[in-house]
Amino acid sequence: MAPVEAEQHPRSALALAAHDASGRLSPIRISRRDTGDDDVAIQILYCGICHSDLHTIKNEWKNANYPVVPGHEIAGLITEVGKNVKKFNVGDKVGVGCMVNTCQSCESCEEGHENYCSKIIFTYNSHDRDGTVTYGGYSDMVVVNERFVIQFPDGMPLDKGSPLLCAGITVYNPMKYHGLNEPGKHIGVVGLGGLGHVAVKFAKAFGMRVTVISTSPEKREEAMETLGADAFVVSSDANQMKVVKGTMHGILNTASASMSMYSYLALLKPHGKMILLGLPEKPLQISAFSLVAGGKTLAGSCMGSIRDTQEMMDFAAKHGLTADIELVGTEEVNEAMERLAKGEVRYRFVIDVGNTLSAASLASSPVPAL
Ligand code: NAP
Ligand code: ZN
């Protein structure tokens, strides 16, 4: 496989890869394709660490194609444009989220919901059209079809803006499509992590009332004072949960671990909707009575289209909305992953790829080639 890939992809790049289910990331040399007519080449400066990266490198979803180079919250600068490229110029600040191609002809693609295309090619751990496995943003450069590239709006910083490319669109999209983005509506956010904290910010920007439902009592002050939530309840405290029972029009469930849904669904008003965003390894526990009584809806949502992602970025820039991040160097990424697994992040780790991933900075580590 290695020689074929190198032949097809003549360009050498540096990356961090996991090689087995330990999930441990180490430096590696990978190859990228040349910039095609419809492609742009991007120098990656920052990449957010999504919990999906952690699920994947540890093979929790049983689909890892090792070596896995994760990362789908990519921010950087265009260094090269193919001859058909219309949207971008060299030097533009751009981002890449969770997908790098789709079939572009099915019903989902034609309706502008290409994030639900059955032939979607994810940014990493997916099979590209040429049969090679895609590598994500824990890398110094990437080549992407221009259709799947997002323009960073003026004033949006690359580091704090990068998490919006997955976390941001994943919470913005269901609020919009389920009609939850209306001023005055009451929304619950389960899980105050990378997705959850930007969900609070978007919901407040839409003028909604927001209650955080968390397993971590120590997040209360920040949730309310820094992030602007209107209320905070600890899910294990039956009295606190009782106060908000039956009050919510919608709930965004971002929990990364499996849970019993009964007490969370009880927070919805009749006809309320819970949208599942989290993708835990193990199945959720749910009783039919929790939905049937009250005519409630349980739905799922997966990221968003490119058009919606651009709209979300522009909306965020207009409202001065960015992620709260902790910037880490490539040498700190394994520690960051351990902290993410324990829920010890406020609220998104972002890798400072531009300043810390280079052949020189990795000279002390062996850099195996694929
Ligand atoms: P994260 O930063 O780790 O946040 C997850 C939060 O879930 C934690 O901070 C914690 O918040 C809460 N949590 C953890 N264990 C829990 C439990 N047993 N019961 C209830 N809550 C629990 O992760 P993330 O990056 O936001 O991603 C969250 C999930 O969404 C992951 O499963 C990820 O794979 C998935 N995801 C889905 C999409 C999509 O398109 N649908 C996109 C991106 C990510 P508290 O401390 O406040 O309880
Ligand atoms: Zn993600």
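The values are calculated or read from the model by the stated rules, or taken from the named source; none is laboratory data. What you are looking at is a predicted structure, and each value in this text was computed from that prediction instead of being measured. Quick reminder, even Gly has a Cβ in these numbers, built from the backbone with ideal geometry, and neighbours come from all protein chains shown. Quick note on the areas: whole protein, heavy atoms, side chains included, nothing else; ligands and nucleic acids left out. Shrake-Rupley method; radii C 1.70, N 1.55, O 1.52, S 1.80 Å.
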On the accessible surface of region 157-246, probed at 1.4 Å, how many percent belong to carbon and sulfur atoms? 49 percent
Quantify, in whole percent, the carbon and sulfur part of the accessible surface of region 91-140 (1.4 Å probe; protein heavy atoms only). 45 percent
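Do you know the relative contact order of the chain, to the nearest whole percent, from alpha carbon pairs under 8 angstrom that are 6+ apart?
On the way: 846 pairs, mean separation 68.6, N = 370.
The value is 19 percent.
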Between region 197-274 and region 316-330, the alpha-carbon center distance in angstrom: 22 Å
Using the crude model of +1 on Lys and Arg Cβ and -1 on Asp and Glu Cβ, and no other charge, please compute the dipole size for the chain relative to its Cα centre, in debye to 20. 1160 debye
Sorted by accessible area (1.4 Å probe), largest first, how do E221, E326, E73 line up? E221, E326, E73
So how tilted is helix 306-318 from the main axis of the chain? Cα-based, degrees 0 to 90, rounded to 10. 70 degrees
Cα convex hull of the chain: mean projected area in nm², to one decimal? 17.8 nm²
Once both labels are modelled 7 Å past Cα along the beta-carbon direction, what's the N355-E331 spacing in nm? 1.4 nm
Please identify, among S139, S235, S162, the residue showing maximal mean-square fluctuation in a Gaussian network model of the chain using a 10 angstrom Cα cutoff. S235
What number, rounded to the nearest 500 deg cm²/dmol, is the helix-based mean residue ellipticity at 222 nm of the chain, given -39500 (n - 2.57) per DSSP H run of at least four residues and division by all its residues? -6000 deg cm²/dmol
For the chain, set up a Gaussian network in which alpha carbons nearer than 10 Å are linked by springs, and say which option among V292, V69, V100 fluctuates the most. V292
What accessible surface, in Å², does a 1.4 Å probe find on L291, ignoring ligands, DNA and RNA and rounding to the nearest 10? 40 Å²
Roughly how tilted is helix 194-205, in degrees to the nearest 10 and between 0 and 90, from the longest Cα axis of the chain? 60 degrees
How would Y46, Y172, Y66 line up by accessible area, probe 1.4 Å, largest first? Y66, Y46, Y172
Under a GNM of the chain (C-alpha, springs under 10 Å), which listed residue has the highest mean-square fluctuation: N181, N84, N59? N84
For region 167-300, what is the number of Lys pairs with C-alpha distance below 20 angstrom, counting only pairs 8 or more positions apart or on separate chains? 27
Solvent-accessible area per residue for region 1-156 (1.4 angstrom probe, square angstrom): 41 Å²
Specify the inter-centroid distance of region 275-295 and region 53-113, based on alpha-carbon positions, in whole Å. 30 Å
Simple Cβ-charge dipole of region 146-270, Lys/Arg +1 and Asp/Glu -1, about Cα centre, in debye nearest 20: 440 debye
